[in-house]
Amino acid sequence: MRWQVVGCRMVVLLVLLGLVLQAAYYFNLMPLAVAQQGGGNNNNNQNNQNNTSVAGVTVDAQGVLRRQTFVDPGGRLRLERMAAARAALSPDVLAPSKLRKVSLNKLEQAIQAANGVLTEEMRHLAGLQRVRYVFCYPESKDIVIAGPAEGWLTDPSGRVVGMNNGRPVVQLQDLVVALRAFPPNGEATSLIGCSIDPTQEGLQAMQGFLAGVGSYATPAQTQYIVTGLQSSLGMQTVSVNGVSPSTRFAQVMVEADYRMKLIGIGLESPPVRLVSFIEKADPAQVSRNALFRWFFTPDYQCVRVTEDGLGMELVGDGVKLVGEDEMVTGEGDRRIAARGNRASQVFVSSFTKKYSELADRSPVYAELRNLIDLAIAAAYIQHEDLYAKTGWSMEFFGDEKSFAVELYHAPKQVASTVAAIWKGNRLMTPIGGGVHIDATQAIDSENLLKDENGDVAKLRGQTSVELAKGQWWWD
């Protein structure tokens, strides 16, 4: 059996006009989906907790995504929320832990016993910040996930992050979405993802507009071209596959997509030094109507397993960025390009190399990594039939009527906008959308890492599951 977990597909279209100007303009067409933060940097990190602005996305009742910046002068709101969280959370859950364990079976039972009323500890999995391990205990009927954890607060944008390190907390609703994609009974979801793309009609209309502009233009036509590109391209379409678009899981994928794209085409300054696509893009070396797609994929060799299959460790950063080039015809169709582009290759390589640092300082990338971790963990649970080994039917978590996670407006469209900067001696117009996550190979047997030193098996054996009644997490 094979699985494929796919996230949003990244598309950047470069249309090169054969103009030679005294100075050329570079136009970025992008959907207004994600806010830029404090000069382009995400300040929710341990180096700067006094953030003055943080980013978020909003989706209205019509499904239109818009960017939004949340201002917090002097970090005052954050300090107030930290004080409130310290007062509300128990000392045990506040304490940082290198390895906090959560029994999925016991957690479901505790929520059922509370008639579905969730505590903050339940919503945020006792502060778990990454899923690093999955352990199965047939004797006690427990499936356990484990990883680092600490106390948390909600930042002004609505993101739940650690009090000390600012890293996002793994949320129960995202875990449930992943588990439903790989349920105890039924087929695995073959495709999880989202795609944010200009329509074929929009691309065709844009091609027609550019043909009307012709081979020569003057700087005085800049605003005319910008307005014409916006108008002809129109709204871009958001589609979600494999999971409900009305979940937080889906919205995190969309946000991560746009933040990466903004960095690639120079509209957001990354919080760490990396080489963007626009830095290396050479208009003279990019053919007319070239389209670039950038994909987030799991690091294929990221799963280490015990010989008996009862223990699994997720290793490394877990995420890669890769690219693929296409061409766009006059009718708006896409075709695979014969040659790759060096600027795109340098960008994806640099982004992958810096991913861990980006995730530390820009929480959306850590959240994307968490989604990949959850999807792989859920796929592993199903593949090893840990449900049957523990007798867990997941009836409560598996039923939307019993445990609702479809609580958000589904994103459907985003508007295109244009920003102009100078680049070289030609006019370039990138048109944006997408991210692609493929977890198929991460679970394939040829990519699984062996627990050669027995470290995972040893840690599993040292993890006690002798819990008090109603207890579902421990350190």
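The values are calculated or read from the model by the stated rules, or taken from the named source; none is laboratory data. Worth saying up front: this structure is predicted, and the values here are computed from it rather than measured. Glycine also receives a Cβ, built like all others from the backbone with ideal geometry; neighbour counts cover every protein chain displayed.
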Q. What about Y300, is it at pLDDT below 90 and of a type in the set (F, W, Y)?
A. yes
(Q) Quick check on F347: is it in contact with a Ser or Thr (Cβ under 7 Å, 6 or more places away or on another chain) and at pLDDT 85 or above? (A) yes
Q) In region 140-172, which residues are over 26 Å from L79 (Cα atoms) and in contact with a helix residue (DSSP H, G or I) (Cβ under 8 Å, 6 or more places away or on another chain)? A) K141, D142, I143, V144, I145
**Q.** Of residues in region 228-238 being touching a residue at least 60 places away in the same chain (Cβ under 8 Å) and surrounded by fewer than 24 Cβ atoms within 10 Å (Cβ to Cβ), the one nearest to V348 (Cα to Cα)
**A.** T237
Q. Quick check: is even one residue across region 246-258 surrounded by fewer than 21 Cβ atoms within 10 Å (Cβ to Cβ), touching an Asp or Glu at 6+ places or on another chain (Cβ under 8 Å) and either part of a helix (DSSP H, G or I) or touching a residue at least 12 places away in the same chain (Cβ under 8 Å) (or both)?
A. yes
Q) Can you tell me how many residues in region 118-135 are touching a Lys or Arg at 6+ places or on another chain (Cβ under 9 Å) and surrounded by fewer than 24 Cβ atoms within 10 Å (Cβ to Cβ)? A) 2
Q | The lone exception for E446 - which of (1) assigned to a helix (DSSP H, G or I); (2) at pLDDT 90 or above it fails | A | (2)
**Q.** Among residues of region 309-322, those that are buried (at least 22 other Cβ atoms within 10 Å of the Cβ), of a type in the set (G, A, S) and either within 23 Å of K353 (Cβ to Cβ) or at pLDDT below 85 (or both), counted
**A.** 1
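The rows are residues; the columns are (1) of a type in the set (A, V, I, L, M, F, W, C); (2) at pLDDT below 95.
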{"residue": "K98", "(1), (2)": "no, no"}
{"residue": "Q112", "(1), (2)": "no, no"}
{"residue": "L118", "(1), (2)": "yes, no"}
{"residue": "V144", "(1), (2)": "yes, no"}
{"residue": "G151", "(1), (2)": "no, no"}
{"residue": "D155", "(1), (2)": "no, yes"}
{"residue": "L175", "(1), (2)": "yes, no"}
{"residue": "G186", "(1), (2)": "no, yes"}
{"residue": "P198", "(1), (2)": "no, yes"}
